[in-house]
1. May I ask you to order 133-143, 268-278, 114-124, 371-381 by the average number of other C-beta atoms within 10 Å around their residues, highest value first?
2. Taking amide H atoms as placed 1.01 Å from N in the peptide plane, list the residues 5 or more away in sequence, or in a different chain, whose amide H sits under 5 Å from that of residue 51.
3. Of 383, 67, 347, which is the most mobile in a GNM of the chain whose springs link Cα atoms less than 10 angstrom apart?
4. Identify all aspartates and glutamates with a Cα-Cα distance to residue 232 below 18 Å; exclude those on the same chain that are fewer than 8 residues away in sequence.
5. Taking a ≥ b ≥ c as the square roots of the eigenvalues of the Cα gyration tensor of the stretch 283-383, is the shape rounded (a/c under 1.5), prolate (a/b larger than b/c) or oblate?
6. Taking 2.2 N^0.38 Å as the expected size of a compact globular protein, what ratio does the Cα radius of gyration of the chain give against it, to two decimals?
7. Report the extension gain between residue 281 and residue 216 in nm, rounded to one decimal, defined as 0.36 nm multiplied by the number of residues separating them, less their alpha carbon distance.
8. Restricting the count to DSSP beta bridges whose residues both fall in the chain, what percent are antiparallel, rounded to a multiple of 5?
Amino acid sequence: MLNLSKLATAVALVVAGTAALAGEVEVLHWWTSGGEAKSVGELKKIMQSKGHTWKDFAVAGGGGDNAMTVLKSRVVSGNPPAAAQIKGPGIQEWAAEGVLANLDSVAAAEKWDSLLPKVVADVMKYKGNYVAAPVNVHRVNWMWANEAVLKKAGVKAVPKTWPEFFAAADKVKKIGLIPVAHGGQNWQDFTTFEDVVLGVGGAKFYSDALVKLDQKALTSDTMKKSLETFRKIKSYTDPASPGRDWNLATAMVIQEKAAFQFMGDWAKGEFTAAGKVPGKDYICAAAPGTDKAYTFNVDSFAMFKLKDPTAQKAQADLAAAIMGTEFQEIFNLNKGSIPVRLGMDMAKFDDCAKASAKDFVDTAKINGLLPSIAHGMAVRPAAEGAIKDAVSQFWNDDKISVADGVKNIAKAAATK
Ligand code: GAL
C-alpha cells in the first residue's frame, strides 16, 4: 500500500536536494561571433539542463584582449566570475595570485589525467593541482580559401609555398577581387606573422625565435626574410582592413569577395554557421610552408575561488561538463576545433577537423607541435603584448625598415 507520509518525505528530500544543488555560474568569455556564440550556447544548455543558472559575461573582441582587461578589474574588486576563458601561461600567472580554485576532486572523479594529453594537463595545473578545464584544440596555422574565387582567378592548385602563394594572389588581384581578407588588429596581424615565421624558417626556428625568444634567432637573416614576406602579404589586403574583426574578414571569403584568410580554425565555425561545406565551398590548407607543423591554441576555463557552496557546486559541474563527451563533441562541431579529450569518436566531424586531429598526432612525432604565441600559448602575457605591438607597428607603417622591425621585435621580446 502506498505510504503517503513516506512519499511526502521522499518528495521533500528530492526537492530540497535539487534546490541545494542548483547554483549560478557566471562565465567570462569573448565568444561573440556567429559560430562562437552558437558554440558557447551549447555549454549554457548543458548547465541549464543540470538545473543551474547561466550568467553570461561576454566581452566582445577576438583574441580576448578586452576580456582580460575587464577580468582584471573584476578580480581586483574582489568579485571574480566563477569561470573565465584564460589560456596557456596566463593560467599560471592567475594561479600565482592565489585566486583560482582547486579542481582536483572533479578532475580525479572524472579521470582527467588519463583523458588529456600530458602537455595539455600540465598547462591546466598549478603546482600539481588542476585550476582550469580545457575545452578544445584549435589549429592556428590554417589558410582558408574560397573555391569559386580560385576557379575564377585561374588558380589551379592550392599554394603550398610562399612564392606559389604570391603567384596565386596576383591572379586574384587581376580579376579585381581581394587576395587576402585581413582584420587589422594586433592579434590578427600576429596570427599571420607567426604563420610566416613558421613557413619561412621552419619549426625549430619558430620555436627558437617565438617560444624561447632567443635573441640570436630573433635578429637572424631568417627573421629579416620573414618580415619581408610578411610585408609583402600586406600589399594583397584591402585598404579597409585596419580594425576589422576577424569574423568579418572570414565573411569576405565566404561571400566570394576575397580569396584567402590566414586564421585559426574558429574561422571554420563561421563557414559552418553559414552552411558551407569544406572541399565543396571552401578549402582548408596549412599556411604556405607549414604543413609539417601545427601551431596549437587550447581554449580553457580557469575557475575562481568562490564562497557560496551552491555556486561552488555549479562551478564543479561546469568543470565536469566541459570535459564530458557530450560537450566535447557538440561544442567542437560548432567551434571548428577538435576535442581535447582523448579517445573521442570523430565520425561526425568534417574533413578539416579530421585532418587537424591526424596532424596533431603526426606533427608531435617530428617536433612540429608548437604553441601559438598569437593566442597566448607560448610566452608570458607581458612579453607577448610587447612583441605583438612591435609586429603590428611594422605591419602598419611601411616606413619602418626591415632592419628596424627586427630590432624592435627583439627588444620587445626582452620585456620582463
Ligand atoms: C582565440 C580563441 C578562439 C577564438 C579566437 C577569436 O584566442 O582561442 O577560441 O575565439 O580567439 O575570438
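1. Details: 133-143: 25.8, 268-278: 19.5, 114-124: 16.1, 371-381: 23.0.
The packing order, highest mean first, is 133-143, 371-381, 268-278, 114-124.
2. none
3. 347
4. By straight Cα distance, residue 232 reaches 164, 170, 189, 194, 195, 221, 397, 398, 404.
5. On the way: a/c = 2.78, a/b = 1.50, b/c = 1.85.
Oblate, since a/c reaches 1.5 and b/c is not below a/b.
6. Details: Rg = 22.7 Å, N = 416, 2.2 N^0.38 = 21.8 Å.
After normalising by residue count via 2.2 N^0.38 Å, the value is 1.04.
7. Values: separation 65, 0.36 × 65 = 23.40 nm, distance 4.32 nm.
Contour length minus the Cα-Cα distance gives 19.1 nm.
8. Working: 21 of 36 bridges.
Counting DSSP beta bridges with both partners in the chain, the antiparallel share is about 60 percent.
The values are calculated or read from the model by the stated rules, or taken from the named source; none is laboratory data. Remember, it's a predicted structure, so these values are computed and weren't measured experimentally. As a convention, Cβ positions derive from the backbone with ideal geometry for all residues, glycine included, and neighbour counts pool all protein chains shown. Heads up: the accessible areas ignore ligands, DNA and RNA and are worked out on the full protein's heavy atoms, side chains in. Shrake-Rupley method; radii C 1.70, N 1.55, O 1.52, S 1.80 Å.
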